[in-house]
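Visitor: I'd like to ask some things about the structure below.
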Amino acid sequence: MDSTLERIRQFSTNQYSNENRLNARIQIYDFCERKNNWHEWVFDNLDFDNVARVLELGCGNGILWKKNIHRVPENARIILSDNSQGMVDAAREALGRHHHQFEFEVIDACQVPLKDNSFQMIIANHMLYHIESKQKVFSEIDSLLTGNGFAYASTLSTRNLYELIDIVSEFNNSLLFDNTQTIQNFNLENGENILSDYFRVANSDIYQNDIVIKKTEPLILYLASCYSMEQLNVLVSNYIDFSSYLESVIKKIGEIRITNKSVLFKFGKK
Ligand SMILES: C[S@@+](CC[C@H](N)C(=O)[O-])C[C@H]1O[C@@H](n2cnc3c(N)ncnc32)[C@H](O)[C@@H]1O
């Protein structure tokens with residue numbers, strides 16, 4: 001069986017019950033124009049001065065730390081948390097065995113059972129848009145942060161991937177996905193305003209590194225990672241035609257260029 005199809009067949013119904021969909025999404029960034037890796041760039045922007053305790057909310061499979069493991073400050077104690085057991089297991093698997101400074105916990109970011117005023121750094125990357133009640137999650141972050149601590153939150157631009165959406169719409173509308181829907185309540189364009197109601201925003205650093213791709217499989221895998229089970233069925237039954245269609249687009253224009261733009265906000269107590 002085609003290995004892309006095989007991977008797609010292993011997707012869970014729920015986005016985050018295990019890491020399969022997340023990994024299928026992340027692989028597209030191997031095709032970024034510049035070798036400036038997102039997780040390394042985020043790490044460059046974290047200020048570890050005077051940081052003893054770190055909490056990551058919605059850590060996913062722990063990739064931020066795995067990618068930067070050789071420069072994690074030795075004295076920092078880091079709790080990686082996510083509300084999905086599957087993700088916490090994946091993060092533990094990626095880091096736990098070798099790295100004594102990490103702890104792993106299943107925690108809902110809206111109800112964090114940890115001591116107030118105990119973290120100098122809190123990270124919430126590409127996850128706040130999943131949370132409807134900003135009031136709850138922001139009040140947790142505010143309580144958990146120390147007075148001079150900083151939180152960091154990244155999110156996507158609403159312009160992300162629009163070229164890919166245009167291409168898919170020419171083939172079959174039932175394979176369309178609405179990338180703005182998921183991120184509408186917290187994105188690059190509205191994030192600072194939303195945060196400013198609760199925090200003092202110190203920085204908003206923008207990362208742009210477009211995807212330039214000439215291969216069909218990584219594109220299909222990426223799209224599939226965003227699909228509902230119903231859309232996956234449409235994809236699987238039209239797989240050969242869809243592949244040929246994407247190949248013909250690439251042949252015609254030489255390469256597919258896709259906007260990839262994110263922001264990292266740094267903020268502290270008001
Ligand atoms: C797009 S992934 C980002 C993962 C990781 N932060 C990264 O940047 O690669 C979003 C993650 O947020 C988690 N998540 C969603 N809602 C959550 C909540 N209420 N509390 C904690 N984690 C949550 C999901 O399980 C998932 O692992």
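FYI, it's all coordinate maths here, none of it is from the lab. Given the structure is predicted, the values throughout are model-derived calculations rather than measurements. FYI the Cβ positions are ideal-geometry reconstructions off the backbone, even for glycines, and counts take in every protein chain you see.
Visitor: Given R₀ = 51 Å, what would the calculated FRET efficiency be for Thr13 paired with Asn75, taking r from the Cβ atoms and rounding to 0.05? Intermediate values should be presented prior to the final figure.
Guide: On the way: r = 41 Å, r/R0 = 0.81.
Calculated transfer efficiency: 0.80.
Visitor: From the C-alpha gyration tensor of segment 54-106, pull out the three semi-axes of the equivalent ellipsoid (sqrt of 5λ each), sorted largest to smallest, in whole Å. Before the final figure, lay out the partial values.
Guide: Working: eigenvalues 55, 23, 17 Å².
So the three semi-axes of segment 54-106 are 17, 11, 9 Å.
Visitor: From the P(r) of segment 178-270, can you give the percent of Cα pairs sitting at distances over 18 Å? The partial results should precede the final answer.
Guide: Values: 2620 of 4278 pairs.
Of the Cα pairs, 61 percent sit more than 18 Å apart.
Visitor: Enumerate the amide H contacts of Leu55 below 5 Å, restricted to partners 5 or more residues apart or on another chain; note that Pro and chain-start residues carry no placed amide H.
Guide: For Leu55, the qualifying residues are Ile79, Met121, Ile122, Ile123.
Visitor: Just to confirm my numbers, what's the Cα centroid distance between segment 181-254 and segment 1-44 in Å?
Guide: If you average the Cα positions of each part, the centres end up 11 Å apart.
Visitor: Now, a different point. Considering only Cα-Cα distances, which of the following residue pairs are longer than 22 Å: Lys35/Lys266; Lys134/Lys270; Lys35/Lys252; Lys134/Lys266? Each step should come with its number before you reach the end.
Guide: Working: Lys35/Lys266 24 Å; Lys134/Lys270 16 Å; Lys35/Lys252 26 Å; Lys134/Lys266 16 Å.
The pairs that break the limit, which is 22 Å between Cα atoms, are Lys35/Lys266; Lys35/Lys252.
Visitor: Here's a follow-up. Using Cα pairs closer than 8 Å and at least 6 residues apart in sequence, work out the relative contact order for the chain, in percent. Kindly include the intermediate steps, with their values, before the conclusion.
Guide: Details: 474 pairs, mean separation 61.7, N = 270.
Across the chain, relative contact order equals 23 percent.
Visitor: Still on this structure: What does the C-alpha gyration tensor say about the overall shape of segment 3-268? Classify as rounded when a/c is under 1.5, otherwise prolate if a/b is larger than b/c, or oblate. Could you put the intermediate results ahead of the total?
Guide: Numbers: a/c = 1.92, a/b = 1.74, b/c = 1.10.
Prolate shape, in that a/c is at least 1.5 and a/b is the bigger ratio.
Visitor: Please compute the alpha carbon radius of gyration of segment 40-151, then divide it by the globular-protein estimate 2.2 N^0.38 Å. Two decimals is fine. Kindly include the intermediate steps, with their values, before the conclusion.
Guide: On the way: Rg = 13.1 Å, N = 112, 2.2 N^0.38 = 13.2 Å.
The value comes to 0.99.
Visitor: Through the Karplus equation 6.51 cos²θ - 1.76 cosθ + 1.60, θ set to phi - 60°, convert the phi angles of segment 253-260 into ³J(HN,Hα) values in whole Hz; use x for Gly and Pro.
Guide: After applying 6.51 cos²θ - 1.76 cosθ + 1.60, I find 9, x, 6, 9, 10, 10, 5, 9 Hz.
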